[in-house]
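In what follows, a single structure is set out as structure tokens and then discussed.
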Amino acid sequence: MLIRRYNAFLYKIGRTYRYNHQDTEDLMQETYVSAYMNLAKFENRSSFKTWLTRIMLNHCFQKKQKFSFQNEITTDTTPPTAPMFHQPANTEKNLVNKELGRVLENALSRIDEDYRIVFTLRTLNDLSVAETMEVLDLSESNVKVRLNRAKKMLRSEIEKMYSPEDIFEFNLVYCDGMVSRVMKALDSLRHPTPRQ
């Protein structure tokens, strides 16, 4: 139950450190095993979620220190071959959400780690300011400043990737459909169906 509850939460942390899908899963496993092995040391001074987050952050940091940055960390944002969670059918909304997710992941991977981790914990993982302060050992003002700067950096990175014309682009696929709809509407105006 605890693993299911925190899988998505820990996955976002691993990806925030720019580890690929497989490395992130390995780090998650190590985190759960470490938590289990050290459960007697958990003193309820913080929430279990905060404690687990610290363990995951420590594993991410240790892996980063142990191996070279180039060999172990990737900016690969392709979706994993086997999804971790059940994915609903690919409706238009889901496709748009996936694309937006990739855009955010790309932008997030380009900002400094100090800001990236605060953004992930506060915005993506919904930790409170107090929980983020405790996990990262930062002051309240530092957490707030880093979050605001992270948002500005993200906006700037997204603007580098997309021009205003790219946002809500009306693709050719939609264009063909619209032409057909308009032509049908015009045809019905020119040749109205007689009333019975």
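No value in this document is a laboratory result; all are computed from the given coordinates. Just so you know, these numbers come straight off a predicted model, no measurement behind them. Virtual Cβ from ideal backbone geometry, glycine too; neighbours counted across all protein chains shown.
Once backbone amide H atoms are built at 1.01 Å from N, residue 20 has 74 as its partners under 5 Å, excluding neighbours fewer than 5 places away on the same chain.
Calculated FRET efficiency, residue 114 to residue 42, Cβ-Cβ distance, R0 = 25 Å: about 0.40 to the nearest 0.05.
Quick check: residue separation of residue 159 and residue 33 times 0.36 nm, minus the Cα distance between them. What number comes out in nm?
This chain segment gains 41.3 nm when fully extended.
Is the stretch 9-48 best put as rounded, prolate or oblate by its Cα gyration tensor, with a ≥ b ≥ c the root eigenvalues, rounded for a/c under 1.5, and otherwise prolate when a/b is larger than b/c, oblate when not?
oblate
Using R0 = 41 Å, the C-beta based FRET efficiency linking residue 7 and residue 184 works out to 0.30.
Its relative contact order, with pairs defined as Cα atoms under 8 Å and 6+ residues apart, puts the stretch 109-157 at 45 percent.
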